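Asker: Below you will find the structure I want to go over with you.
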């Protein structure tokens, strides 16, 4: 295998490969003679690359880019198993005169040879994907209200089944052998709540559920497991938000763990939950982007306690590299700016920021040293192309599609690759001539003035407990006053040293030392008048030095005789 990952790209005419090093040249893997290529996919370990057309799918071995298997059929979707050993495809379910009952349309092949290992009937394209455990020991596929479970690559007969009324979806934990967990979501009957549950394989009775949580406001659910398979989030959502708070339906987030703990997750800002993601390198950390715009991003631990606030911004997406030491927060789709921020999670340090407007896909280099953004067809029909960025958001390479050329997909090859110099030093940035997104409207009178927008203190990055919005202690206030007084004293001394009175100017009359009158109220007024007179003396020196004073400062100088008269009366 190469020492550097490849990037595979698909256009309307060909498949190309980029060896990830300067000068990032594209080499054709398939040209226009292979017509109607619809999609490409790498296997999780980077051993194979597969592509499909209207008539076939081919599995290509990445070591030498030779074809290992050709699978005939009008394949609509495809993916590899976690260890690259199996290749699963889905075709449209058809009933013909020859086959009035229809025939199997979900097929599992051995990746190395293309040998058919098993076939199933899966009529709906939504939710057709079977699930594998991370060691490929178990294979599970949903058939209406049942989940059929097969073991050890034997697809002839299922060994276990999980059955539940109105079963809508399920998920398999990535936990290692020999302990596996299943999560399920069942839709409630009229007047009854929906449920999501976690079961330990093969104990599938409802009374044996490790976690069981109900909700009257849930029509569907997505499950998010951490890398070790010990904790799971269930993102439930209604089809319609009857309160009118969201166009996409009402969301809620709850959690569970294999020890039986569970609960609801609440956030510090109201609004939709845009994205959540576990750190692939640390099973005890996860990040959420949530709230009305500008959205808020927070790093939590497995107990849902905040560890760090990234502030607020134009974000709706989270991207982790495999190691999980860095993270990207980005805003794509309905956020036109395409703003991206890169963070180092080891020291909560911001590494950089950039803008990639009209991005439809983003993927990390498997080493975490770079990432690629792309504008692809048919999501967007103009401006197709891709950009390669250093993890500090420095632009390293850019490719814009020519007229009548569409970019359909672009993917990094997964796998284990040695680190390069990019992990230590950012390269020199190239110029990005992409038109910037249109700025927010500003009234004509404010166009030539600097923006007065500032983030609230609580919207800035900070650690919980060190929130900038918290009121400072008395000691902190006292120290701040001392620092400011020291700065003012130094500035005054410097001004007195630099400003020399012009010839003929009257020298400053030294003021008599303060002597108490015995009346506290009089003494207080005398001190205030002395301070005002001292300030006026400084303004007079600045005016003599040629500085242009404001109108209110000139008014203070004109008021000096009245202040002197008042001071003299107080001293009588």
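Asker: Sort 417-424, 74-81, 313-320 by packing, meaning the average of other beta carbons within 10 Å per residue, with the highest value first.
Answerer: For the peptides 417-424, 74-81, 313-320, the packing ranking is 313-320, 74-81, 417-424.
Asker: Something else about it: Quote the relative contact order of the range 252-310 in percent (integer), defining contacts as alpha-carbon pairs under 8 Å separated by 6+ residues.
Answerer: Worked out over the range 252-310, it gives 22 percent.
Asker: Binning every alpha carbon pair distance of the range 231-381 at 5 Å from zero, what are the percents per bin?
Answerer: Once binned at 5 Å, the Cα pair distances of the range 231-381 give 2, 9, 17, 20, 20, 17, 10, 4, 1, 0.
Asker: Classify the range 348-409 as rounded, prolate or oblate, taking a ≥ b ≥ c as the square roots of the eigenvalues of its Cα gyration tensor: rounded when a/c is under 1.5, otherwise prolate if a/b is larger than b/c and oblate if not.
Answerer: prolate
Asker: For a protection proxy built on the mean count of beta-carbon atoms within 10 angstrom, sort 41-51, 219-229, 118-128 highest first, please.
Answerer: 41-51, 219-229, 118-128
Asker: Counting only C-alpha contacts under 8 Å and six or more residues apart, can you give the relative contact order of the range 18-117 as a whole percent? Show your work: numbers first, answer last.
Answerer: Numbers: 188 pairs, mean separation 17.4, N = 100.
Once divided by the residue count of the range 18-117, the mean separation gives 17 percent.
Asker: Let me ask something else about it. Specify the inter-centroid distance of the range 516-572 and the range 72-119, based on alpha-carbon positions, in whole Å.
Answerer: Measuring centre to centre over Cα atoms gives 91 Å.
Asker: After finding the eigenvalues of the alpha carbon gyration tensor for the range 309-400, what semi-axes result from the square roots of 5 times each, listed largest first in whole Å?
Answerer: For the range 309-400, the ellipsoid semi-axes come out as 22, 15, 10 Å.
Asker: Another question, if that's okay. Which order do the peptides 369-378, 15-24 come out in when sorted by mean C-beta neighbours inside 10 angstrom, highest first?
Answerer: Top to bottom by mean Cβ count within 10 Å: 369-378, 15-24.
Asker: Counting each DSSP H run of 4 or more residues in the chain as -39500 (n - 2.57), what helix-only mean residue ellipticity at 222 nm follows after dividing by all residues, to the nearest 500 deg cm²/dmol?
Answerer: It comes out at -4000 deg cm²/dmol, rounded to the nearest 500.
Asker: Taking 41 Å as R0, compute the FRET efficiency from the Cβ-Cβ separation of residue 480 and residue 430 and round it to 0.05.
Answerer: 0.40
Asker: Can you list the equivalent-ellipsoid semi-axes of the chain, largest first and in whole Å, using the square root of 5 times each Cα gyration tensor eigenvalue?
Answerer: Working: eigenvalues 843, 195, 86 Å².
Semi-axis lengths for the chain are 65, 31, 21 Å.
Asker: Got the relative contact order for the chain handy, in percent, Cα pairs under 8 Å and 6 or more residues apart?
Answerer: Numbers: 1141 pairs, mean separation 42.8, N = 572.
Relative contact order here is 7 percent.
Asker: Continuing with this model, one more query. What is the range 1-65 by shape, rounded, prolate or oblate, if you read a ≥ b ≥ c off the alpha carbon gyration tensor as root eigenvalues and call it rounded for a/c under 1.5, prolate for a/b larger than b/c, and oblate otherwise?
Answerer: oblate
Asker: Which number do you get for Rg(Cα) / (2.2 N^0.38 Å) in the range 198-241?
Answerer: This ratio for the range 198-241 stands at 1.34.
Any read-out appearing in this document is the output of simple, stated calculations on the displayed coordinates, not a laboratory observation. Predicted, not measured: the structure shown is a model, and the values here were computed from it. Because the Cβ atoms are built from the backbone with ideal geometry, glycine has one as well, and the counts that use them run over all protein chains shown.
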